[in-house]
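No value in this document is a laboratory result; all are computed from the given coordinates. Nothing here was measured: the structure is a model prediction, and the numbers come from that model. We place every Cβ from the backbone using ideal geometry, glycine too, and count neighbours over all the protein chains shown.
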Amino acid sequence: MYNRKDYVSDHEWTRFLDFSKDLETPNIVINLNTIKMNFVKLKNSFPYAKIFYAIKANPGEPVLKMLAEMGSSFDIASRYELDMIKKFVDDPSRLSYGNTIKKSKDIKYFYDNGVRLFATDSKDDLKNIAEYAPGSKVYVRILVENSDTADWPLSRKFGCHPDMAYDLLVLAKELGLNPWGISFHVGSQQRDIGAWNDAIAKAKYLFNSLEEEEEIRLQMIDMGGGFPASYIETTNDLSVYASEITRFLTEDFGDDLPEIILEPGRSLVGDSGILTSEVILAARKNNTALTRWIYIDAGKFNGLVETLDECIKYPLITTKDGDKEGEVIIAGPTCDSMDVMYETTKYRLPITLKQGDKIYWLSTGAYTSTYASVAFNGFPPIKTYYM
Ligand SMILES: *Cc1c(COP(=O)(O)O)cnc(C)c1O
């Protein structure tokens, strides 16, 4: 159904099959080399930007260690992520607390660990930062509405209206903080590059008005994540994102760009993973049904949560590829009727597919291994291996 070569080269596929042949399923194999190449490509595409990897996309230790050694900085969402990354990063100026939802005691924990860069989008959070992380740099996350073109939207819950961002940055200064910049996230797997243009224009407006009216000179724009991984729906190449976004920035800011931060998650690690699942059963619900149900040993609760609402559509490869195909519904192993990955999306898989066959889920390096339940129905968390 999908051309595997569009996603994984022959060489890497052979290496993967060899590496994974004796592993129990379900499992995820992460190819560190892919992440390394993605990081280099992103750096070269945005030579003026600092990269803060969004740890939540894949917090595997080998991933964090490698990115830390390659010079990445890190966007952190909780004290637990901070504890994980502290092992690999000594310099706290490479860390930011990017979650706008945080307890005071966690703000203090970050401050005590030397972190001085905090995101916010509300007054009470800002006051907490002023109290527990005095003098720190704060940047305000603004709302951007482009959810219909992002496959995994992140709007609504995070960010505030630009008018409120203005007030918060004024208040930040009054509270003795350093009003540092603006952030946004245009939505994960954002296919419409124009989304960055709207957001950058809002940031520019805030830069100008705060300088003119309040003598607050902002220094930084954090452009979030949103860059794509390779799923079924096609996207532009990262180089197109880079040239367009760079053009948007220079149209608004000329040659005098503020400090630019990127917080990639999915685009760095998504393509690095292959989730191997085994078919438990292939079944029909009546004798003449044309659609078969394919039940596998991975599901929404152990690795495939981003199939919620069938948002992310992974390319699938099976051990029966080449045989005649028919329409299938693909479901997980638990006793929850929500544990169905694809029903509306009409996947077609070989009609010969049966118990014991393998289905490989390509591009499953982001938001899979830890974005999962612990032991629902007794199933253990999916195991991750690194090659
Ligand atoms: C999740 C997240 C990211 C990463 O987004 P991707 O679309 O996966 O690149 C970046 N920044 C923040 C604040 C996030 O919450």
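What are the residues whose amide H is under 5 Å from the amide H of ASN27, where those residues sit 5 or more places off or on another chain and H is modelled from the backbone?
THR276
Quick one: 3J(HN,Hα) in Hz for segment 59-67, Karplus 6.51/-1.76/1.60 with θ = phi - 60°, rounded, Gly and Pro as x.
x, x, 4, x, 5, 4, 4, 5, 5
Using each residue's phi in segment 82-99, evaluate 6.51 cos²θ - 1.76 cosθ + 1.60 at θ = phi - 60° and report the 3J(HN,Hα) Karplus result to the nearest Hz, with x for Gly and Pro.
Taking θ as phi minus 60°, the curve returns 4, 4, 5, 7, 4, 4, 10, 10, 8, 8, x, 6, 8, 10, 10, 9, x, 7 Hz for segment 82-99.
In nm, what is the difference between 0.36 nm times the number of residues separating PHE88 and ARG4 and their Cα-Cα distance?
Answer, rounded to one decimal: 26.8 nm.
FRET efficiency for LYS36 and SER239, Cβ-Cβ distance as r, R0 = 22 Å, nearest 0.05? Intermediate values should be presented prior to the final figure.
Details: r = 18 Å, r/R0 = 0.82.
The formula returns an efficiency of 0.75 here.
Give the angle, between 0 and 90 degrees and rounded to the nearest 10, that separates the Cα long axis of helix 10-20 from the longest principal axis of the Cα atoms of the chain.
That works out to roughly 80 degrees.
Can you bin segment 1-104 into rounded, prolate or oblate? Criterion: square roots of the alpha carbon gyration tensor eigenvalues sorted a ≥ b ≥ c, rounded for a/c under 1.5, prolate for a/b above b/c, oblate for the rest.
Verdict is prolate for segment 1-104.
Once fully extended, how much extra length lies between ASP255 and ASP198, figured as 0.36 nm per residue of separation less the alpha-carbon to alpha-carbon distance?
18.6 nm
For the chain, find the longest principal axis of its Cα atoms and tell me its angle to the long axis of helix 123-132, 0 to 90°, nearest 10.
70 degrees
Contact order normalised by length for segment 267-347, with contacts defined as Cα pairs under 8 Å and 6 or more residues apart; what percent is it?
29 percent
Please work out whether segment 83-192 counts as rounded, prolate or oblate from its C-alpha gyration tensor, where a ≥ b ≥ c are the square roots of the eigenvalues and a/c under 1.5 means rounded, while otherwise a/b larger than b/c means prolate and anything else oblate?
Details: a/c = 2.30, a/b = 1.30, b/c = 1.77.
Verdict is oblate for segment 83-192.
Restricting the count to DSSP beta bridges whose residues both fall in the chain, what percent are antiparallel, rounded to a multiple of 5? It would help to have the intermediate numbers written out before the result.
Values: 24 of 59 bridges.
Of those bridges, close to 40 percent are antiparallel.
Evaluate the distance, in nm, between pseudo-label points positioned 7 Å from the Cα of GLU310 and of MET164 along their respective Cα→Cβ axes.
Result for the modelled spin labels: 3.4 nm.
If we sort 5-12, 260-267, 328-335 on the protection proxy, mean other Cβ atoms within 10 Å, highest first, what's the order?
The packing order, highest mean first, is 260-267, 328-335, 5-12.
Apply the Karplus curve 6.51 cos²θ - 1.76 cosθ + 1.60, θ = phi - 60°, to the phi angles in segment 207-215 and return the couplings in whole Hz, x for Gly and Pro.
For segment 207-215, the Karplus-derived couplings read 4, 5, 5, 5, 5, 5, 9, 10, 6 Hz, x marking Gly and Pro.
Between the helical axis of 238-253 and the dominant principal axis of the chain, each derived from Cα atoms, what acute angle in degrees is found, rounded to the nearest 10?
20 degrees
Label TYR371 and PHE19 with points 7 Å out from Cα along Cα→Cβ: what is the distance between them in nm?
2.1 nm
Among the listed pairs LYS127/LYS204; LYS56/LYS204; LYS202/LYS346; LYS50/LYS103; LYS21/LYS50, which are separated by more than 31 Å between their Cα atoms?
Too far apart for the 31 Å limit: LYS202/LYS346; LYS21/LYS50.
Compute the distance from the alpha-carbon center of segment 52-114 to that of segment 206-232, in whole Å.
21 Å
Mind ranking 49-59, 278-288, 344-354 by how tightly packed they are, going by the mean number of other C-beta atoms within 10 angstrom, highest first?
By packing density, highest mean first, the sequence is 49-59, 344-354, 278-288.
Towards the positive end of the charge dipole of segment 1-146, with charges on Cβ (+1 Lys, Arg; -1 Asp, Glu), say which of PRO92, ILE55, LEU42 has the farthest Cα.
PRO92
Under the 0.36 nm per residue contour assumption, what length would be gained going from the current alpha-carbon distance of ASP323 and LYS123 to full extension?
66.0 nm
List every residue whose amide H lies under 5 Å from the amide H of ILE329, counting only residues 5 or more places away in sequence or on a different chain, with H placed 1.01 Å from N in the peptide plane.
So ILE329 has HN proximity to ARG292, TRP293, ILE294.
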